[in-house]
1. Residue 92 passes all but one of (1) buried (at least 22 other Cβ atoms within 10 Å of the Cβ); (2) within 13 Å of the ligand (Cβ to nearest atom); which number fails?
2. Taking the residues in region 214-224 that are within 10 Å of the ligand (Cβ to nearest atom) and in a helix (DSSP H, G or I) as candidates, determine which candidate is surrounded by the most Cβ atoms within 10 Å (Cβ to Cβ).
3. If residue 64 satisfies every condition in (1) over 19 Å from residue 233 (Cβ atoms); (2) in contact with a Gly (Cβ under 9 Å, 6 or more places away or on another chain); (3) surrounded by 24 or more Cβ atoms within 10 Å (Cβ to Cβ) but one, which is the exception?
4. If we keep just the residues of region 1-48 that are assigned to a loop (DSSP other than H, G, I, E, B) and of a type in the set (S, T, N, Q), which is nearest to residue 71 (Cα to Cα)?
5. Residues that are under 30 Å from residue 211 (Cα atoms), over 17 Å from the mean Cα position of the chain (by Cα), within 15 Å of the ligand (Cβ to nearest atom) and surrounded by fewer than 24 Cβ atoms within 10 Å (Cβ to Cβ): does region 134-145 have at least one?
6. Regarding residue 121, is this residue among the small types (Gly, Ala, Ser) and either modelled with pLDDT under 95 or closer than 22 Å to residue 77 by Cα (or both)?
7. How many residues does region 167-213 hold that are away from the ligand (no atom under 16 Å from the Cβ), surrounded by fewer than 14 Cβ atoms within 10 Å (Cβ to Cβ) and not in a helix (DSSP H, G or I)?
Amino acid sequence: MTDRQRVAIVTGAARGIGAATAQRLAADGFAVAAVDLDAANCADTVAAIAATKGRAIAVGADVSDAAAVEAAVAHVAEHLGSPSVLVNNAGVLRDNLLFKMSDDDWDTVMSVHLRGAFLCSRAVQKYMVEQKYGRIVSLSSTSALGNRGQANYAAAKAGLQGFTKTLAIELGPFGITANAVAPGFIVTEMTAATAARVGVDFEAFQAARAAETPVRRVGRPEDVAHAISYLASEGAGFVTGQVIYVAGGPRG
Ligand code: NAP
C-alpha cells in the first residue's frame, strides 16, 4: 500500500451499527463511503465524521442491485480512491414463523444480506486484488445458530459465515482477509422494531435480554464497531475466515 489515506466502504451506514462503524473507521483514519438505500439518509453519518475532521461521502445504492453496486463502488474509487475495506452491514428483517413466512419475506432477506454481500464483495475485490491488500468484514448474527421466527435471517446469516470462509481461502493469496462479526442483541432501530412487533416495551425488552446475557447488559453499536475496527486494521492480516461473536457471551 501507498501512504495515501485508505478508503473504507460501509453499507447500511445511515444508522445503527453501520453508522457507528463508519464513524469508528473514520476515527481510525479511513476515508469512508457511507452507503445506504438513499444517500440523503447518510447525511447525519457524514456530518458526524466531518465534525471530527474526518473524510466521508454518502452514496445511495441498493446492495441487492448489481448495477447499482458496481456504480457505487466505481463512484467511491473515483471520489475517494480504491477501496481497501468493505463492511457488508446493510440488513433487513422479515421475521415470521415458517408457516406464515411469505416468498417475499424469504427473498427479501436473502437478497439484502446474502446477495448484497456477494455483489459488494465481488465489486470491491478487483480493486483489492490490484492493491494486493484488502479487508472484508460481513455482519453475521447469533441468529446464525438458530432463532425462532427467523428461518430466513438465520439462513442468510449462517450463509454469510460460509461465504466469508470461502472468500478467505480465495482472496488470501492477494493479501485480502475476510471475516465475519456476529453480534448478539444490539440496541438499534432493528431491535426496537422487533420489540414493537412482539408488543413489548423496548426498555423492558432490553432489560430481559440483559438479564440473560452473561455480561448482564445489552450491546451498543460501538461494541460491534470496535470488533470491526480490529478486523479492518492492517495488523489483523493473519486473522481470516473467522467469525467473532460480539454478544456478551459465547452465544449471546
Ligand atoms: P438497522 O438499524 O435496521 O440499519 C440497517 C441499515 O441498512 C438501514 O440504514 C437500512 O436502510 C439499510 N439497508 C437496508 N436494506 C438495504 C439495501 N438493500 N441496500 C442498502 N442499505 C440497506 O440495522 P442494525 O441493527 O444497525 O444492523 C446492521 C447489521 O447488523 C445488519 O446486517 C443486521 O442484520 C446485523 N445485526 C444486527 C443485530 C442487532 O441486534 N441490531 C444483531 C446481529 C446482527 P433503510 O433505513 O433505508 O431501510
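The values are calculated or read from the model by the stated rules, or taken from the named source; none is laboratory data. Remember, predicted model here, so these are calculated numbers, not experimental data. Don't worry about glycine lacking a Cβ; one is built from the backbone with ideal geometry, like all the others, and counts go over all protein chains shown.
1. All conditions are met except number (1).
2. For region 214-224, the residue satisfying everything is 224.
3. Just one mismatch for residue 64, condition (3).
4. It comes out as 5.
5. Looking for residues that are under 30 Å from residue 211 (Cα atoms), over 17 Å from the mean Cα position of the chain (by Cα), within 15 Å of the ligand (Cβ to nearest atom) and surrounded by fewer than 24 Cβ atoms within 10 Å (Cβ to Cβ), one finds at least one in region 134-145, hence yes.
6. yes
7. Here the count works out to 2.
Quick grid of which residues meet (1) within 12 Å of the ligand (Cβ to nearest atom); (2) among the aliphatic types (A, V, I, L, M); (3) in contact (Cβ under 8 Å) with a residue 60 or more places away in the chain:
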residue: 29; (1), (2), (3): no, no, no
residue: 40; (1), (2), (3): yes, yes, no
residue: 44; (1), (2), (3): yes, no, no
residue: 47; (1), (2), (3): no, yes, no
residue: 65; (1), (2), (3): yes, no, no
residue: 68; (1), (2), (3): yes, yes, no
residue: 84; (1), (2), (3): no, no, yes
residue: 99; (1), (2), (3): no, no, no
residue: 104; (1), (2), (3): no, no, no
